[in-house]
1. Cβ under 13 Å from Glu127's Cβ, Glu127 left aside: what net charge do those residues give with Lys, Arg +1 and Asp, Glu -1?
2. How much net charge surrounds Glu298 when only other residues with a Cβ under 13 Å from its Cβ are counted (Lys, Arg +1; Asp, Glu -1)?
3. For a 19 Å ceiling on Cα separation, which of these pairs sit above it: Lys12/Lys67; Lys12/Lys66; Lys170/Lys207; Lys14/Lys129; Lys134/Lys204; Lys129/Lys218?
4. Given R₀ = 25 Å, what would the calculated FRET efficiency be for Glu156 paired with Asn53, taking r from the Cβ atoms and rounding to 0.05?
5. Once the other residues with Cβ under 13 Å from the Cβ of Gln269 are scored (Lys, Arg +1; Asp, Glu -1), what is the net sum?
Amino acid sequence: MSARIENVPTIKLKSDPNQPRTEWDEHGEHIEELVASYSKHGIIQPLEIDEKNVIVLGECRWRAAKKAGLKTVPVRRVKTPTTADRLERQLIDDAQRKELSGIERRWAYAAAVASINDPKHEYTIPEVKRLWSKDRKTLVNLLRSSFGRDGFGAGELSRRIGITQVTISKSFSYFAEDVPEIAREAADEGLMASWELGSIRSIKTPKAREVMAKSIAKERRELAKEPEAKKRLSVATQDRTDAIRELERVHAPEKIILAAAKGNPVIVQDAPAIAREIAREKVPIPQEQLKEIRGNVEAAEARKRKFEADKAAQEQARLFQSYLSLGQIEGYLETTVCPECGKSAVNNLRFGCHNHSVEEARKATAEKSGIKKVKEDKKR
């Protein structure tokens with residue numbers, strides 16, 4: 001890029017035929033603001049042009065300058081050796097300014113990725129559009145590596161212009177074979193975004209994809225004709241998609257899936273409950289799973305019994321501590337060993353030996369110690 005800024009007659013500059021932006025809205029608010037500013041202060045930021053006076057960056061400023069009546073505009077000459085390099089610079093400029101529409105961005109990405117995937121040829125935007133209208137299969141094959149997550153072309157373009165690969169891949173949903181034609185037509189009219197085409201693609205039922213695209217396109221065309229009219233609230237694309245996926249998971253009847261695709265608010269909202277009901281009625285539980293369930297139930301019951309037994313043991317341990325404390329304080333108990341069988345009167349925190357109860361052990365111990373009366377347990 002040349003650092004020198006020069007003034008070039010406005011009439012000598014030419015528009016780039018491969019410029020991604022095709023809609024300028026020359027009577028729009030943005031252009032009118034530029035015209036007012038240029039009429040008073042002139043152009044501050046120079047345009048970028050090539051050796052043949054073709055505009056690389058700044059065509060919107062050039063159009064506003066002509067409308068403002070400027071005879072010359074400041075420019076900086078740049079060297080762009082290839083068509084692909086020029087396109088990438090324009091996409092970088094768009095990434096910073098967000099001036100391209102979704103439609104314009106889609107075709108620009110397609111031309112750039114096709115050029116990357118086929119190094120022997122540089123594809124322009126008009127050429128990619130002609131290829132799509134005449135030989136879709138060829139263009140799809142050029143972009144196919146970019147449909148996937150690890151697509152080389154989309155990944156390389158992402159690295160070069162500084163946008164995410166996901167953004168590029170989403171815009172390529174338009175070219176996928178499983179997108180209904182009516183959805184593409186809606187996207188060409190600006191009625192449907194690229195991510196919505198991707199959502200439609202994710203639906204497994206072909207008829208549901210068609211019905212959903214037709215329903216959304218019809219609703220949005222009606223709203224475009226009468227934007228001020230109060231229309232019924234349409235069900236969002238993502239809500240429809242989530243509902244259809246839920247119903248497809250349990251192999252719901254097609255009429256229910258199509259109702260969700262049409263945006264039936266009751267079906268869409270109740271899709272999870274409908275899916276659960278269908279699963280209970282239609283999906284039998286395998287024998288292996290039944291055995292596992294029974295085993296889990298039995299294990300839970302065993303844990304419950306053990307817990308109850310542990311509670312009894314804990315109560316016996318509490319009583320033993322009270323007995324032991326009583327013996328230590330008043331001298332009633334001199335030993336915890338049964339004097340008759342010689343075994344411990346305490347067995348895993350339980351009272352009594354294997355043959356005698358704790359009462360018998362206490363009584364025998366008291367008699368051996370010469371204690372005539374054994375004090376009763378204190379009641380809590």
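Read-outs: derived from the displayed coordinates by stated rules, not from any lab. Please read all numbers here as calculations on a predicted model, not as lab measurements. Every residue, glycine as well, gets a Cβ built from its backbone with ideal geometry; the counts of neighbours run over all protein chains shown.
1. 0
2. Summing Lys and Arg as +1 and Asp and Glu as -1 gives +4.
3. Working: Lys12/Lys67 15 Å; Lys12/Lys66 11 Å; Lys170/Lys207 22 Å; Lys14/Lys129 22 Å; Lys134/Lys204 28 Å; Lys129/Lys218 26 Å.
Over 19 Å apart, Cα to Cα: Lys170/Lys207; Lys14/Lys129; Lys134/Lys204; Lys129/Lys218.
4. Details: r = 30 Å, r/R0 = 1.22.
Once rounded, the FRET efficiency stands at 0.25.
5. Charge balance in the 13 Å sphere: -3.
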